[in-house]
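Following: one structure in structure tokens, then a few remarks.
The values are calculated or read from the model by the stated rules, or taken from the named source; none is laboratory data. Everything numeric in this text was worked out from a predicted model, so none of it was measured. So basically every Cβ, Gly included, is an ideal-geometry build from the backbone, and we count neighbours across all protein chains shown. Areas reflect the complete protein model, heavy atoms only, side chains present, ligands, DNA and RNA absent. Shrake-Rupley method; radii C 1.70, N 1.55, O 1.52, S 1.80 Å.
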Amino acid sequence: MNRRDEIENLNEAMREASNKRLYERYLAVRLYLEGHTFTEIGRSLIVLIKPLVGIGLPTGKTDSKD
């Protein structure tokens, strides 16, 4: 199987992904197969995740003022 076939399989799996996390994993693999660096892939996925911070998901920061 060549890269083009693998990418097509990933595209199909992305369409059928049952949750967002699985979709993002497939997307990361697809971007890698397309020749993107790990840094580029990380930046791309952060852009997808950033809007979620505004709805109260944990960010690892604390607001305590001890």
- Filtering segment 23-41 for residues that are under 16 Å from Arg3 (Cβ atoms) and open to solvent by 80 Å² or more (accessible area, probe 1.4 Å) leaves a count of 2
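Conditions tested, residue by residue: (1) of a type outside the set (Ser, Thr, Tyr); (2) part of a loop (DSSP other than H, G, I, E, B); (3) modelled with pLDDT under 90.
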{"site": "Met1", "(1), (2), (3)": "yes, yes, yes"}
{"site": "Arg4", "(1), (2), (3)": "yes, no, no"}
{"site": "Glu12", "(1), (2), (3)": "yes, no, no"}
{"site": "Arg15", "(1), (2), (3)": "yes, no, no"}
{"site": "Leu31", "(1), (2), (3)": "yes, no, no"}
{"site": "Arg43", "(1), (2), (3)": "yes, no, yes"}
{"site": "Ile46", "(1), (2), (3)": "yes, no, yes"}
{"site": "Lys50", "(1), (2), (3)": "yes, no, yes"}
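Taking the condition of a type in the set (Asp, Glu) and surrounded by 11 or more Cβ atoms within 10 Å (Cβ to Cβ), does Glu16 pass?
When the stated conditions are applied, Glu16 does not pass them.
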- Does Thr59 satisfy the criteria of being polar (S, T, N, Q), modelled with pLDDT under 65 and either on the phi > 0 side of the Ramachandran plot or open to solvent by less than 80 Å² (accessible area, probe 1.4 Å) (or both)? yes
